[in-house]
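The values are calculated or read from the model by the stated rules, or taken from the named source; none is laboratory data. Since the structure is predicted, the reported quantities are computational estimates derived from the model, not experimental observations. Cβ placement follows ideal geometry from the backbone for every residue including glycine, while neighbour counts extend to all protein chains displayed. Ligands, DNA and RNA are stripped out before the accessible areas are found, and what is left, the full protein with its side chains, is counted by its heavy atoms. Shrake-Rupley method; radii C 1.70, N 1.55, O 1.52, S 1.80 Å.
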Amino acid sequence: MTDAASDTAQVDASKAPAKPAGQDMWGGRFSSRPAEIMQAINVSIGVDRRLWRQDLAGSRAHCRMLAKQGVIQSADAEAILKGLDAVEAEILNGTFPFRDQFEDIHMNVEARLSELIGEPSGRLHTARSRNDQVALDFRLWVRDACDRSIAQLKALQAALLDRAEQHAADLMPGFTHLQTAQPVTLGHHLMAYVEMFGRDAGRFADARTRMNESPLGAAALAGSPFPIDRHMTAAELGFDRPMANSLDAVSDRDFALESLAAASITAGHLSRLAEEIVVWMTPMFGFATLPDDLTTGSSIMPQKRNPDAAELVRAKTGRIMGSLVALSTVMKGLPLAYSKDMQEDKPPVFEAFDALDLALVAMTAMVSALRPNTERMAAAAGAGFSTATDLADWLVRELNLPFRKAHHVTGAAVKQAEALGVDLSQLPLEEMQKLEPGITEAVYKVLTAEASCRSRQSYGGTAPEQVRARIADWRARL
């Protein structure tokens, strides 16, 4: 069975070994079992079962540390480690008995370990609480999710770089307010998203750096009286150090919130690119198409080719941003240290990263498969008086006009061209000279979209040479 399948594998609880009477995991304090409604609201195994890898990794590190420190006997540690291996094998094979009666992944693993190896299993929880255990497991999972998002963002950037290089000199209109502004190249346009997604990867990396401290060993909230070595477990689990305050260690969910914030900003960038793909594919624009395998049709209109993949990426943004709001609301106002409210921290995080994973993969596929209509884009690049600023700049450079006066003259020229039904490059010289006598034939050299793009040689500009230089920079960085 695949890892993904094992995360959701179900086993009939009736076939699992019966739970010994009176052996609730929290011991002898309670004389009656939880009410049905208490069990229903308290159980979380349906959600947190996907933490099984992290739970096993934390338990192995804790077990080895306890043995090294002499807190438990080496024979017990060996039995525990073999038992954890058996638990892992069952989960991977789809035979592990996930049971609601044991609430969560931690108690399910512990209960099964007890059934497999008996008395030594009870020593594993020495110097550990479910509070630091869940804080550890969740932190490990989010750290993995950040690593995965960084890798996916780099794959998307690589796809964008390939397309930008192909179209470094192909013209398209640049927009402000979705109105034609100035000519740019398609490569330059795509490179803007490379920059955005680079910042997104940086945010995930920053969040990862801050979260890379281990809460294991904080126990319930106050630390442990046993001679544990928190630095040993932190190192084994890939953390830089243990967290310095046991209260903070079990209370903190900043790592999840910060990762959701990074995910939300990333989703916003994905949504912007998705929106552009949707707009480009409309017949009114006709700037690009996607192949059949990334579009859908209509049940009634046979001519339709709908950019559903882009639309769904756009829609995922709401779910991801909603997850940040949801967890922020759960965490606000909670006193130190752990409260059961924090059981609700995982659903929004899992949902957000599931949506982000899918959106990043889908967008990478769309970018790789996008078919730009470069002729249509180039024609639109020169329309809408897109070289008006080039005329104003020419008046400043060649006639030494103040820019505000040049702006006024250019505005009047646009008005006259509009009245005559021509573009600026077609406006007769005598009409221009009525507005500014110093204008000469040389002005027409700057009034094409291609000349406009070539002239934007400032660092980060749309000139093809600048676009190719930025592509080279990013290839070196990636």
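Give, as a single signed number, the net charge of other residues whose beta carbon lies under 11 Å from the beta carbon of VAL184, with Lys and Arg counted +1 and Asp and Glu -1.
0
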Problem set entry | Which listed pairs, of LYS316/LYS346; LYS405/LYS434; LYS415/LYS445; LYS82/LYS340; LYS154/LYS316, have C-alpha distances above 23 Å, in listed order | LYS82/LYS340
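Could you give the length gained by full extension between ALA379 and LYS68, i.e. 0.36 nm per residue of separation minus their alpha carbon distance, to one decimal place?
104.7 nm
Under a 1.4 angstrom probe, counting protein chains only, how are VAL409, VAL422 ranked by accessible area, largest first?
Listed by decreasing accessible area, they come as VAL422, VAL409.
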For this session: Determine the equivalent ellipsoid of the stretch 283-387 by diagonalising the alpha-carbon gyration tensor, then write out the semi-axes as square roots of 5 times the eigenvalues, largest first, rounded to whole Å.
Result: 42, 18, 12
For this session: Name the shape class, rounded, prolate or oblate, that the alpha-carbon gyration tensor gives for the chain, where a ≥ b ≥ c are the square roots of its eigenvalues, rounded holds for a/c under 1.5, and otherwise prolate holds if a/b is larger than b/c and oblate otherwise.
Result: prolate
Problem set entry | Positive dipole terminus of the chain, leading residue within LEU92, VAL330, LEU113 (C-beta point charges) | VAL330
Problem set entry | GLU431-THR329 pseudo-label distance in nm [points 7 Å out on the Cα-to-Cβ vector] | 5.8 nm
Exercise. What FRET efficiency do you get for LEU336 and GLU195 if R0 is 41 Å and r is their Cβ-Cβ distance, rounded to the nearest 0.05?
Worked result: 0.55
For this session: Step through the residues of the stretch 320-328 one at a time and calculate ³J(HN,Hα) from phi using the Karplus curve (6.51 cos²θ - 1.76 cosθ + 1.60, θ = phi - 60°), rounding each to whole Hz and writing x for Gly and Pro.
Result: 5, 5, x, 5, 4, 5, 4, 5, 4
Seminar exercise, completed: Asserting the computed 222 nm helical MRE of the chain (DSSP H runs at least 4 long, -39500 (n - 2.57) per run, divided by residue count, to nearest 500) equals -19500 deg cm²/dmol
For this session: Output the relative contact order of the stretch 382-477, whole-number percent, from Cα pairs under 8 angstrom with separation of 6+ residues.
Result: 25 percent
For this session: Can you spot the aspartates and glutamates whose alpha carbon is less than 19 Å from LYS332's alpha carbon? Ignore those fewer than 8 places along the same chain.
Result: ASP248, ASP252, ASP254, GLU258, ASP341, GLU344, ASP345
Problem set entry | Extension gain (nm, one decimal) between ASP162 and SER458, 0.36 nm per residue minus Cα-Cα | 104.3 nm
Problem set entry | Cross-link reach list, aspartates and glutamates versus LYS304, counting only Cα pairs under 13 Å and skipping chain neighbours closer than eight places | ASP292
Problem set entry | Gyration tensor verdict on the stretch 209-252 (Cα atoms; rounded if a/c is under 1.5, prolate if a/b is larger than b/c, oblate otherwise) | oblate
Seminar exercise, completed: By accessible area (1.4 Å), largest first, HIS231, HIS106 order as HIS231, HIS106
For this session: Could you compute the FRET efficiency for VAL422 and ASP206, with r as their C-beta to C-beta distance and R0 at 56 Å, rounded to 0.05?
Result: 0.60
Problem set entry | Relative contact order (percent, whole number), the chain, Cα cutoff 8 Å, 6+ residue spacing | 16 percent
For this session: Could you point to the residue in SER455, VAL278, THR295 farthest towards the positive end of the chain's charge dipole, with +1 and -1 charges on the Cβ of Lys/Arg and Asp/Glu respectively?
Result: SER455
Problem set entry | Under 12 Å, Cβ to Cβ, from ARG253 - net charge with Lys/Arg +1 and Asp/Glu -1 | -4
For this session: Report, to the nearest whole %, how much of the accessible area of the chain belongs to carbon and sulfur atoms, 1.4 Å probe, protein only.
Result: 54 percent
Seminar exercise, completed: From the Cα centre of the stretch 116-161 to that of the stretch 67-81, the distance in Å is 23 Å
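Please tell me the relative contact order of the stretch 36-123 in percent, rounded to the nearest whole number, where contacts are Cα pairs under 8 Å and at least six residues apart.
Across the stretch 36-123, relative contact order equals 42 percent.
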For this session: Leaving out ligands and nucleic acids, note down the accessible area per residue over the chain with a 1.4 angstrom probe, in whole Å².
Result: 47 Å²
Exercise. So how exposed is ARG123, as accessible area in Å² (1.4 Å probe, rounded to 10)?
Worked result: 100 Å²
Exercise. For the stretch 136-379, what percent of Cα pairs sit more than 33 Å apart?
Worked result: 33 percent
Problem set entry | Rounded accessible area of ASP144 (nearest 10 Å², 1.4 Å probe) | 70 Å²
For this session: Using label points projected 7 Å from each Cα along Cα→Cβ, tell me how many nm separate MET38 and HIS177, to one decimal.
Result: 6.4 nm
Exercise. Ignoring ligands and nucleic acids, what accessible area does THR440 show with a 1.4 Å probe (Å², nearest 10)?
Worked result: 60 Å²
Problem set entry | Order of exposure, largest accessible area first, which applies to VAL279, VAL87, VAL47 with probe 1.4 Å | VAL47, VAL279, VAL87
Exercise. Using the Cα gyration tensor of the stretch 382-477, with a ≥ b ≥ c the square roots of its eigenvalues, what is the shape: rounded (a/c below 1.5), prolate (a/b larger than b/c) or oblate (neither)?
Worked result: prolate
For this session: Give the distance, in whole Å, between the Cα centre of the stretch 279-317 and the Cα centre of the stretch 340-384.
Result: 14 Å
